[in-house]
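See structure below.
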Amino acid sequence: MNIMISYSWLKEYLHTDLAPDVFATRMTNAGNSVEHLHDLSTLCQGMVVGEVKRLSPHPNANKLRLALTNIGGKEVEIVCGGINLKEGMKVAVALPGSKVRWHGQGDLVTLEETEIRGVKSAGMICAASELGFEKLPQEEKDIWDIGDLTDALAGTPLAEALGLEDMLFDIEVTTNRPDAMSVIGQAREGGAVTGEKFKWEPSTVSVPSEVSLNALRVEVEAPDLCPKYQGILLEDVKVGPSPWWLQKKLLLAGYKPINNIVDVTNYILHEYGQPLHAFDADTIEGATIIVRRAKKGEIIAALDGTVCELTPEMLVIADTKKPVAIAGVMGGLETGTQEKTTRVVLESAIFDPLSIRRTARTLNLSSAASQLFEKGLATPSTDAAIAKAVELILQVAGGNVASFIITKEAEPFREKVLLFDPKRANALMGLKLPKEDMIKTLQRLGFEVVPQGLSYHITVPYWRHHDIEASVDFTEEIARIYGYDRFPSVLPSGTLSGLIQDPVLFWQRRIKQILCGTGCTEVYAYAFTSQAELSAYGYDPDKEAVRVENPLSTDQEFMRPSLIPSLLTMIEMNEGQEPLGDLFELAPVYHPQGSDLPKQELSLVIATYGKDGEGNFYRAKGLLERLLRQVGIKDWTLDREVKADDWHAGRSARVMIGGKPLGVIGQVAPQRTEAFHVSQPVVLISLDAEAMIALCTTDHSYEPLPLYPPVKRDLAFIVDLQTEYEKIVDTLYKHSSLLKQVELFDVYRGTHAGEGKKSLALHLFFRAEDRTLEAGEVETEIQTLTQMLIKQFSATMRG
């Protein structure tokens, strides 16, 4: 989560004179990372306030006019096409050399004095969007009329006139700190970090004695989902644009000004970190707010125009007839404040985080409010927020208070009190900080401290209620405020005891090391996949995959039952840049088990892709041989009986060990690669990694070097194309006790071998353990093997 806060707004609650960059560095070191510093004055560099003195038609363009403009000390002529431009208007003038964004689009452009349709223009009269304020409500081709925003004279630098001589902090906030997603929260943090004074006094609401007790009614029917709800009625308000100071703060914070009522709720959201909502009271039937679960089939149009069908698991704000808001997510379109609104119901509430998260995900509807509620807010935070909102609405929209603040609370808030031991904290940090310094740090953060013997009772403030869970969290607070950058760098000392190695983790690391050593690239993919990806590989997602109940997107709707589809997707994404490659992934896959938890298995897939399908197969087979050899797995074989539709019929085989399948090596069937838009042949090795790891071993047997030299002979012959090389080799070994090694060095298929035939050429190595072989002995072995090949394999011998 990130929050944008201007330094001037922050200093309304923190008395500091630190330079912005110094303050940013100290905040970053304390855990509130300031990612960017934006100098707002640079937005308006080379720009001044101008006053239009006279307008005249452009001689060569009907839609353009010539504006004689006072820019302080002199008058210049500027060509302008703004349809709302009029004499006497105060405008933002960008002089030559300044930078603007044409019509609020594209990159910044440096202005130059130029001719427009034959008339020289000494600058540009700007729209708000051209200066970076595209969120300001403004008609297309309208010039920004700044007359109501400033009393500055013509020629005044625009940044000075609009109060933009400021720095804007872009602060990253960790998800466990919703309290820091506010100006007051960041000011409090700044006070703790710098030791300077943080000052904040909660507002109060003055209620006239004559208000009716029945002006507004509130009922909470689901206190488990809404532990606290507050509402108040305001009358005689005048809805309209907010004053510039309010619009400016919202614009810099990233909000779009809507009207003064909505702007106040967004202002409070940003300043206090407490979401509010304002209803047009005249649209609330029965003058009653009911917080309840939605009824099946209820429909509401949200403020952004989305029509949402609600379910009974969702919490809504309703009147006596209909839902008027999706609680904690977004208000209803029909009950929002409009220009004609004169009576407003203001809401300040706390909702169950899990309920808000589920509702927002189900409806695919998110807002700044829902993101805060999802993190967890404490019930006391509503009081100050609604009081300040009432004060501001009365200030910017007029009106009067027409009801009491009605509060419905399921149970009183209970403060969390934990024990803190300074000695233990120092031991955890490896420091020797005085306990007085630790206590002062906690107090500056808002914790109440009461001595209790050698320890302390610490009362956790409500804004940290969901964050501070145990006494060890106080140590973390002290450490980060002290500054992790100030911790001494000390190398650990001592002797490590023997570690028990998890064999599964050991072999996972070892397998990855072996494959990386062969030149393969390891890939990491999400454990989730999409229906389209599964269907492309022939899966029925509803039957063969585990569906995620609350997926983040449709691309992550299912858990992966196989690594192959995501690996093919990755190849398709990369083959344009890398036309040849070897990839692998070692990760869990998931299979449904009825109502039980999914079955999780470890899988290994190695992919070799390129233009040569047969060459890819041999490359993959070499990778498989090396991998199994280096993990100590012997006596494995290939069985060509692969009948699945996923594999190329002539270039696929099952990997067998002890008569049981370990996996498959083979070229992916063309219909599968086409479904993934992969243009090149892909050969995969898909293995059951758990079964494989169970067979892995580090044991090695010693074989002494032979005492006598081998005798090498070559043998070439022609056999049927379907004859398996492995069967030939096994048979050769069985028919000669002196044969120690066989190497294939040539394979030929073509007209000289004959149709349906292939020619194999082998190196044969013979050796005896007790003597040097004689030529006659070797020739006898060759004759025996030749006769065997002719008899068992119908081989034709070559010269």
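The values are calculated or read from the model by the stated rules, or taken from the named source; none is laboratory data. Just so it is clear, the model here is predicted, and its values are computed rather than measured. Here Cβ is always computed from backbone atoms with ideal geometry, including for glycine, and neighbour counts include all displayed protein chains. For the accessible areas, the whole protein counts, side chains as well, though only heavy atoms, and no ligand, DNA or RNA atoms are used. Shrake-Rupley method; radii C 1.70, N 1.55, O 1.52, S 1.80 Å.
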- [ ] Keeping every protein chain in place, order 765, 447 by accessible area at 1.4 Å, biggest value first, i.e. largest first.
- [x] 765, 447
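If you take the C-alpha gyration tensor of the stretch 589-669, multiply each eigenvalue by 5 and take the square root, what semi-axes do you get, largest first, in whole Å? If you can, show how the numbers build up before the last one.
Numbers: eigenvalues 119, 61, 36 Å².
Here the semi-axes work out to 24, 17, 13 Å.
Let me know the whole percent of all Cα-Cα pairs from the stretch 77-137 that are separated by more than 15 Å. Intermediate values should be presented prior to the final figure.
Details: 946 of 1830 pairs.
Looking at the stretch 77-137, the distances longer than 15 Å represent 52 percent of pairs.
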TODO: Compute the FRET efficiency between residue 244 and residue 172 as 1/(1 + (r/R0)^6), taking r as their Cβ-Cβ distance and R0 = 25 Å, and round to the nearest 0.05.
DONE: 0.30
- [ ] Leaving ligands, DNA and RNA out of it, work out the accessible area of residue 504 with a 1.4 Å probe and give it in Å² to the nearest 10.
- [x] 70
Open item on the list: Apply the a/c threshold of 1.5 to the C-alpha gyration tensor of the stretch 245-369 and tell me whether it is rounded, prolate or oblate.
Closed with: oblate
TODO: Between residue 301 and residue 552, with labels modelled 7 Å along Cα→Cβ, what's the label distance in nm to one decimal, could you check?
DONE: 3.4
TODO: Determine which residues of the stretch 698-731 fall in the zone a paramagnetic label at residue 752 would reach in this model, i.e. backbone nitrogen under 14 Å from the point 7 Å along Cα→Cβ.
DONE: 716-718
Open item on the list: In whole Å, what are the extents of the stretch 53-112 along the principal axes defined by its C-alpha atoms, from largest to smallest?
Closed with: 31, 30, 19
Task: Binned Cα-Cα distances of the stretch 339-399, short to long, each 10 Å bin given as a whole percent - done: 19, 38, 30, 13
TODO: Arrange the residues 660, 256 by how much accessible surface each exposes, largest first, with a 1.4 angstrom probe.
DONE: 660, 256
Open item on the list: Tell me the Kirkwood radius of the stretch 129-269: reciprocal of the mean inverse pair distance over distinct alpha-carbon atoms, in Å.
Closed with: 19.3
Task: Förster radius 22 Å - calculated FRET efficiency between residue 639 and residue 601, Cβ distance, rounded to 0.05 - done: 0.55
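Would you kindly work out the equivalent ellipsoid of the stretch 31-144 from its C-alpha gyration tensor and give its semi-axes, the square roots of five times the eigenvalues, largest first in whole Å? Could you put the intermediate results ahead of the total?
Numbers: eigenvalues 151, 43, 37 Å².
Ellipsoid half-lengths, sorted descending, are 27, 15, 14 Å.
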- [ ] Would you calculate, for the chain, the mean residue ellipticity at 222 nm contributed by helices, counting each DSSP H stretch of 4 or more residues as -39,500 (n - 2.57) and dividing by all residues, to the nearest 500?
- [x] -8000 deg cm²/dmol
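At 0.36 nm per residue, minus the direct Cα-Cα distance, what do residue 516 and residue 630 gain on full extension? Give it in nm, one decimal, please.
Values: separation 114, 0.36 × 114 = 41.04 nm, distance 1.30 nm.
Computed gain between residue 516 and residue 630 is 39.7 nm.
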Task: Residues of the stretch 156-182 with amide N under 15 Å of a point placed 7 Å along Cα→Cβ from residue 108 - done: 158-159, 165-168
- [ ] Give me the accessible area of residue 751, 1.4 Å probe, in Å² rounded to the nearest 10.
- [x] 130
- [ ] Would you list, by chain and number, the aspartates and glutamates whose Cα falls below 13 Å from the Cα of residue 634, excluding same-chain residues fewer than 8 positions away?
- [x] 625, 699
Task: All lysines inside 27 Å of residue 322 as judged from Cα atoms, apart from same-chain residues fewer than 8 positions distant - done: 228, 238, 295, 296, 340, 408
Task: the stretch 176-244 - Debye-derived log10 I(q)/I(0), Cα point model, q = 0.12, 0.17, 0.19, 0.28 Å⁻¹ - done: -0.70, -1.02, -1.04, -1.20
- [ ] Could you tell me the accessible area of residue 58 in Å² (1.4 Å probe, neighbours in place), rounded to the nearest ten?
- [x] 10
- [ ] Report the label-to-label distance for residue 543 and residue 333 in nanometres (one decimal), using points 7 Å from each Cα along the Cα→Cβ vector.
- [x] 4.2
Task: Between the stretch 299-333 and the stretch 217-257, the Cα center-to-center distance that results, in Å - done: 17
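Given a Förster distance of 30 angstrom, what is the FRET efficiency for residue 119 paired with residue 86, based on the Cβ-Cβ distance and rounded to 0.05? Can you show the working numbers first?
On the way: r = 20 Å, r/R0 = 0.66.
FRET efficiency, residue 119 to residue 86: 0.90.
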Open item on the list: Give me the dipole magnitude in Debye, nearest 20, for the stretch 221-361 about the Cα centre, with unit charges on the beta carbon: positive for Lys and Arg, negative for Asp and Glu.
Closed with: 340
Open item on the list: Could you work out the pair-distance distribution P(r) of the stretch 299-458 from its alpha-carbon pairs, with 10 angstrom bin width and percents rounded to whole numbers?
Closed with: 8, 26, 26, 18, 13, 8, 0
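Work out how much length residue 56 to residue 28 would gain on full extension: take 0.36 nm times their residue separation and subtract the Cα-Cα distance, in nm to one decimal. Walk me through the numbers on the way to the answer.
Values: separation 28, 0.36 × 28 = 10.08 nm, distance 5.45 nm.
Full extension of this stretch gives 4.6 nm more.
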Task: Separation of alpha-carbon centers, the stretch 351-412 and the stretch 651-683, rounded to whole Å - done: 57
Task: Potential extension, residue 203-residue 134 segment - 0.36 nm per residue separation minus Cα distance - done: 21.6 nm
Open item on the list: Residues of the stretch 16-59 with backbone nitrogen within less than 20 Å of a virtual label 7 Å along the Cα-to-Cβ line of residue 431, please, listed as ranges.
Closed with: 23-34
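Restricting attention to the stretch 338-396, which GluC sites (Glu not before Pro) occupy a DSSP loop and are surrounded by at most 10 other Cβ atoms within 10 Å?
Numbers: sites: 339, 347, 374, 391; in loops: 339.
When the GluC sites (Glu not before Pro) of the stretch 338-396 are filtered for loop state and at most 10 Cβ neighbours within 10 Å, 339 remain.
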TODO: Identify the GluC sites (Glu not before Pro) of the stretch 490-590 meeting these criteria: DSSP loop state and at most 10 other C-beta atoms within 10 Å of the C-beta.
DONE: 549
Task: Proximal lysines to residue 435, defined as alpha-carbon separation beneath 24 angstrom and excluding residues fewer than eight positions away on the same chain - done: 197, 416, 423
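With N residues in the chain, what two-decimal value do you get for its Cα radius of gyration over 2.2 N^0.38 Å?
Values: Rg = 38.4 Å, N = 799, 2.2 N^0.38 = 27.9 Å.
So the Cα radius of gyration is 1.38 times the expected 2.2 N^0.38 Å.
If I require 20 Å or longer along the helix axis, counting alpha carbons, and a Kyte-Doolittle average no lower than 1.0, what helices from the chain are left? Use full DSSP H segments. Don't jump to the answer; show the numbers that get you there.
Working: long enough: 381-397 (24 Å, 1.06); 503-517 (21 Å, 0.22); 613-630 (26 Å, -0.78); 775-793 (26 Å, -0.01).
Qualifying helices, which must be both long enough and hydrophobic enough, are 381-397.
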Task: Taking only Cα atoms of the stretch 596-750, radius of gyration then Dmax in Å - done: 18.4, 63
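If you rank 609, 748 by how much accessible surface each has, with a 1.4 Å probe, what is the order from largest down?
Details: 609 10, 748 80 Å².
If we order 609, 748 from most to least accessible, we get 748, 609.
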Open item on the list: Ratio of alpha-carbon Rg to the 2.2 N^0.38 Å globular estimate for the stretch 497-655, to two decimals, please.
Closed with: 1.14
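Mind checking the stretch 571-657 for trypsin sites (Lys or Arg not before Pro) that DSSP puts in a loop (not H, G, I, E or B) and that have at most 12 other Cβ atoms within 10 Å?
Values: sites: 599, 611, 619, 621, 626, 629, 634, 640, 643, 651, 654; in loops: 611, 634, 640, 643.
Qualifying residues, ordered by number: 611, 634, 643.
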Task: Convex hull (Cα only) mean projected area of the stretch 187-297, reported in nm² to one decimal - done: 11.1
Open item on the list: Quick check: the distance between the Cα centres of the stretch 772-799 and the stretch 478-493, to the nearest angstrom?
Closed with: 77
